[in-house]
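To keep things clear, I will list the structure first and then write my remarks on it.
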Amino acid sequence: MKRMHIFQVGTIFTLSSFALGITIPVLSLLVLDRGFDLSGLAVVMGAYGIAVVVMEIPSGIIGDTYGRKACFLLAKGCTALGSVLLAIARNDVLFVIAIVSLALARAFISGSFEALVIDWHNERFGQLALHRITTLISIWDTVGLSAGALVAGFVTIGSNRLLALDGPYDGNFLLSGMLNALLFLLSWFWIEESKKGTRRTEGTGFAPVFRFLRHQGLLAALMLSAIATGFILSSIEKYWQPRLLAIGGKQEHTTVLLGLLAFVGFISALGGTILSGHLTGTRKSSVVPLFILWRIVLSGAAIALALSTGGMGYGVSYGLFYLVLGLAGIPEQVMLNRLIPNHLRASVLSVSSFCLQAGGLASSAFAAWFLASEGRGIGELWIISSVVIASALIPFAFRGKRWSGQSA
């Protein structure tokens, strides 16, 4: 790993997020364009979540045992295939294959490259600089996502004018597929991984991972928090576009407006991440109080978004939510990575991602039932989600002082 440079790592992270960013503003709209209603959208995304959940933990253990680079390459290959198939799918078989491919990619990318980069950074700079690499990863991720979201609407308009496409959003996924194919090649040549294939002797597998989790109360509380985060993120990310259309109406350049609002969200998250990285890096004691504070504010931001009825207020509340989400993310990641031993990092990060996906799956199931009834709307769903995110702080109310010393 000594030959890998920070420029290469940042390029892969940013470009990967950019490829995802150009699809995020239109993903729900593409599913709706295929003939699904709001309740059906929740079912489709719930099926995606099931596929991710099934492979999430095994993918992390495979990464720790056989190599994280291999998992990342598999993820990029599946993303390229799934994106192209989703663009051309006009029957149920291709649509299902596309969703499964993207779900496998999501499972295998979680924790693999991030764990490799964190271990590489720890070897070079030590764990005292852990806040630096977690902040950089969040910045690369957010810059790529925000840039992708900013151009997403223009990609939609341009591809429909220049190409003979069947669906209005197919061009976004075709471009994403090509970028992920490029990322596969860049990762093949750039990513270096030490001790590949030798981690089996260090105690990887299901039993060591869950034995480790069972004896870490703070880690278990962070996993519960990840479930709550998955619940609220799923409810907002699936329904912020339909909610905006319901408030402002569908106009000629709606996709550009959607892209701009997604850009505002990502830039807000970037600002929160940078500020949080500074606050966390200058804090000599535990980051648990910061984590609790920002999670409480996040719950309030979700309520403000739910109560917004005007376009301007909705945009401000949307940006505020992601600003606080960025502020809350760094303390959580610093605590998480301080607690994880190197040889289990990909596995435990995959468990965290599993919890995030499980929360999203629970949210999809709940939303499918909740929104199917007359008189229930997206705003009410978001208020319930804010209660879920606040409830996950209950363990910290009883054990917060003890965990503060443990995570310092």
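The values are calculated or read from the model by the stated rules, or taken from the named source; none is laboratory data. It should be emphasised that the depicted structure is a prediction, and the values quoted were computed from it without experimental measurement. Counting neighbours? That spans all protein chains shown, and the Cβs are built from the backbone with ideal geometry, glycine included.
Output yes when any residue across region 128-139 is over 23 Å from Arg68 (Cβ atoms), part of a helix (DSSP H, G or I) and modelled with pLDDT of 80 or more, and no when none is.
Within region 128-139, none of the residues are over 23 Å from Arg68 (Cβ atoms), part of a helix (DSSP H, G or I) and modelled with pLDDT of 80 or more.
Out of (1) modelled with pLDDT of 75 or more; (2) surrounded by 19 or more Cβ atoms within 10 Å (Cβ to Cβ), what's the single condition that is false for Gly35?
All conditions are met except number (2).
Taking the condition in a helix (DSSP H, G or I) and either closer than 21 Å to Leu323 by Cα or basic (Lys, Arg) (or both), does Leu175 pass?
Spelling it out, it is not the case that Leu175 is in a helix (DSSP H, G or I) and either closer than 21 Å to Leu323 by Cα or basic (Lys, Arg) (or both).
Within region 254-303, how many residues turn out to be among the β-branched types (Val, Ile, Thr), surrounded by 21 or more Cβ atoms within 10 Å (Cβ to Cβ) and modelled with pLDDT of 90 or more?
0
Quick one: which residue in Ile6, Ile24 is surrounded by fewer than 16 Cβ atoms within 10 Å (Cβ to Cβ) and either more than 22 Å from Phe95 (Cβ to Cβ) or in contact (Cβ under 8 Å) with a residue 60 or more places away in the chain (or both)?
The match here is Ile6.
Return the pairs, sorted by first residue and then second, in which the second residue is part of a helix (DSSP H, G or I) and of a type outside the set (D, E, K, R), the first residue lies in region 61-73 and is farther than 20 Å from Ala181 by Cα, the beta carbons are less than 6 Å apart, and the residues are 6+ apart or on different chains.
Filtered contacts from region 61-73: Ile61/Ser347; Gly63/Cys71; Gly63/Ser112; Gly63/Ala346; Asp64/Ala346; Asp64/Ser347.
Could you tell me which residue of region 363-376 is surrounded by the fewest Cβ atoms within 10 Å (Cβ to Cβ), considering only residues that are in a helix (DSSP H, G or I) and of a type in the set (S, T, N, Q)?
Ser364
Only one of Glu380, Glu374, Glu332 is farther than 20 Å from Met223 by Cβ and either among the basic types (Lys, Arg) or touching a residue at least 60 places away in the same chain (Cβ under 8 Å) (or both). Can you tell me which?
Glu380
Please verify whether region 305-312 includes one or more residues that are at pLDDT below 85 and in a helix (DSSP H, G or I).
Checking region 305-312: at least one residue is at pLDDT below 85 and in a helix (DSSP H, G or I).
Restricting attention to region 268-314, report how many residues are among the aromatic types (Phe, Trp, Tyr) and under 20 Å from the mean Cα position of the chain (by Cα).
Residues that pass the stated criteria total 2.
Check region 341-352 and report whether any residue there is polar (S, T, N, Q), touching an Asp or Glu at 6+ places or on another chain (Cβ under 8 Å), farther than 23 Å from Val53 by Cβ and modelled with pLDDT under 80.
Checked region 341-352: at least one residue is polar (S, T, N, Q), touching an Asp or Glu at 6+ places or on another chain (Cβ under 8 Å), farther than 23 Å from Val53 by Cβ and modelled with pLDDT under 80.
Of the conditions (1) among the hydrophobic types (A, V, I, L, M, F, W, C); (2) touching a Lys or Arg at 6+ places or on another chain (Cβ under 6 Å); (3) modelled with pLDDT of 85 or more, Val52 clears all except one; give me its number.
With respect to (1) among the hydrophobic types (A, V, I, L, M, F, W, C); (2) touching a Lys or Arg at 6+ places or on another chain (Cβ under 6 Å); (3) modelled with pLDDT of 85 or more, Val52 is out only on (3).
Can you go through Gly360, Gly405, Gly379 and tell me which one is more than 30 Å from Gly313 (Cβ to Cβ), part of a helix (DSSP H, G or I), modelled with pLDDT under 90 and not aliphatic (A, V, I, L, M)?
Result of the check over Gly360, Gly405, Gly379: Gly405.
Report yes if some residue within region 266-283 is basic (Lys, Arg) and without any contact (Cβ under 8 Å) to a residue 40 or more places away in the chain; otherwise report no.
yes
If only one of Ala147, Ala152, Ala87, Ala115 is crowded, with 22+ Cβ neighbours inside 10 Å and modelled with pLDDT of 85 or more, which one is it?
Ala87
What do you reckon, is Gly360 of a type outside the set (Phe, Trp, Tyr) and farther than 22 Å from Ala75 by Cα?
So Gly360 does not fit the description; no.
What's the number of the only condition in (1) surrounded by 22 or more Cβ atoms within 10 Å (Cβ to Cβ); (2) modelled with pLDDT of 90 or more; (3) within 27 Å of Pro168 (Cβ to Cβ) that Leu233 fails to meet?
Of the numbered conditions (1) surrounded by 22 or more Cβ atoms within 10 Å (Cβ to Cβ); (2) modelled with pLDDT of 90 or more; (3) within 27 Å of Pro168 (Cβ to Cβ), the odd one out for Leu233 is (1).
Consider region 157-191. How many of its residues are farther than 18 Å from Leu29 by Cα, surrounded by fewer than 16 Cβ atoms within 10 Å (Cβ to Cβ) and not hydrophobic (A, V, I, L, M, F, W, C)?
1
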